[in-house]
Amino acid sequence: MSGAAGGGGGSSCQGAAAAASCSSAGSPYAAAAGGGAGVAGRLPARVLEHVFSYLEMSDLMRCALVCWHWNNILADENSEVWRSLCSRSLSEEALRSDILCNLPTYRGKLKAFQHALSSHDCSRNVYVKKNGFTLHRNPIAQSTDGARGKIGFSEGRHAWEIWWEGPLGTVAVIGLATKRAAMQCQGYVALLGSDDQSWGWNLVDNNLLHNGEVNGNFPQCNNAPKYQIGERIRVILDMDDKTLAFERGFEFLGIAFRGLPKACLFPAVSAVYGNTEVTMVYLGKPLDG
């Protein structure tokens, strides 16, 4: 996975173009990537770690391209380098709570923050709390409000967790959206899945939604259990196979959508209940099996 820089800005797409920009032919970092000769290759690891601990993510990603020696130092995702950046970038609440409990490394926590719900690509009736991961919907009548993740995906396999920390109301939808999908509308509706730019699973009635139509129930079993507040749902996006699937607990619920378009797709949520809260944590590449 490529590491995107920044945290609180608008949304961007992670794909081949982003990866290529980190290793363009004219880059001085690419020129040195072939070996560890010179001063850079001989500096002690403890010295480099101390220097790296003052850098930001974008700088560290470039440093990893300089030579094998530097790359090897930055490969330790629990090193002082990543711990220092984590303490500077993430809130104390996020680091001390159980929000990031399924991410064992500092670098993994940083990636989750980079992919969190965007405070700039959302309805005006919601905001991201100080922990950086939880969306709060204000008590606005007759409005459905959503948010996209900071980073979308056009290739690869990706997983993230979403859970509601308040009442669902009549509609609570999780899924995907392009940049063209609306993040606010009048009334209480299933915003995700209301057009051809979004795909959603309504946790209230277990309906799958796309292009304004119900695409069946999910999961496809008799008497499927209703969502329980606080329950973590794992979303699995496979842009190579163009599928979207879900897990609950350790149970794979199946593939919900097939034939996703070759486009940049963003994690997204939409909610209607006043003062409800939704948390999303990016996990990285899903494990097989």
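The values are calculated or read from the model by the stated rules, or taken from the named source; none is laboratory data. Because the structure is predicted, anything quoted here is derived from the model rather than measured. All Cβ positions, even for glycine, are placed from backbone atoms using ideal geometry, and neighbour counts span all protein chains on display. Quick note on the areas: whole protein, heavy atoms, side chains included, nothing else; ligands and nucleic acids left out. Shrake-Rupley method; radii C 1.70, N 1.55, O 1.52, S 1.80 Å.
Test Ala112 against the criterion of being open to solvent by less than 10 Å² (accessible area, probe 1.4 Å), within 22 Å of Glu231 (Cα to Cα), outside any strand (DSSP E or B) and in contact (Cβ under 8 Å) with a residue 12 or more places away in the chain, and give yes or no.
yes
In the set Gly166, Gly146, only one residue is among the small types (Gly, Ala, Ser), surrounded by fewer than 24 Cβ atoms within 10 Å (Cβ to Cβ), closer than 27 Å to Cys101 by Cβ and touching a strand residue (DSSP E or B) at 6+ places or on another chain (Cβ under 9 Å); that residue is Gly166. In the range 201-217, the count of residues that are modelled with pLDDT of 95 or more, crowded, with 21+ Cβ neighbours inside 10 Å, assigned to a loop (DSSP other than H, G, I, E, B) and on the phi > 0 side of the Ramachandran plot is zero. Starting from residues that are in contact with a strand residue (DSSP E or B) (Cβ under 8 Å, 6 or more places away or on another chain) and assigned to a loop (DSSP other than H, G, I, E, B), keep the ones in the range 226-235 and report whichever is surrounded by the most Cβ atoms within 10 Å (Cβ to Cβ). Filtering the range 226-235 for residues that are in contact with a strand residue (DSSP E or B) (Cβ under 8 Å, 6 or more places away or on another chain) and assigned to a loop (DSSP other than H, G, I, E, B), the one surrounded by the most Cβ atoms within 10 Å (Cβ to Cβ) comes out as Tyr227. Pro139 meets all of the listed conditions (1) open to solvent by 10 Å² or more (accessible area, probe 1.4 Å); (2) in contact (Cβ under 8 Å) with a residue 60 or more places away in the chain; (3) of a type outside the set (Asp, Glu); (4) part of a strand (DSSP E or B) but one, namely (4).
Lys285 satisfies every condition listed in (1) among the basic types (Lys, Arg); (2) at pLDDT 95 or above; (3) open to solvent by 70 Å² or more (accessible area, probe 1.4 Å) except (2).
Each residue in the range 231-261 was checked for being within 21 Å of Asp195 (Cα to Cα) and either modelled with pLDDT under 95 or of a type in the set (S, T, N, Q) (or both), and 1 of them qualify.
From Gly254, Gly193, which residue is assigned to a loop (DSSP other than H, G, I, E, B), open to solvent by less than 20 Å² (accessible area, probe 1.4 Å) and assigned by the TED database to the domain that holds Ala147? One residue alone meets the criteria, Gly193.
Checked across the range 236-247, the condition of being in a strand (DSSP E or B), touching a residue at least 60 places away in the same chain (Cβ under 8 Å) and touching an Asp or Glu at 6+ places or on another chain (Cβ under 9 Å) holds for at least one residue. If I filter the range 119-129 for residues that are in a helix (DSSP H, G or I) and over 17 Å from the mean Cα position of the chain (by Cα), do I get at least one hit? No, there is no match, as no residue in the range 119-129 is in a helix (DSSP H, G or I) and over 17 Å from the mean Cα position of the chain (by Cα).
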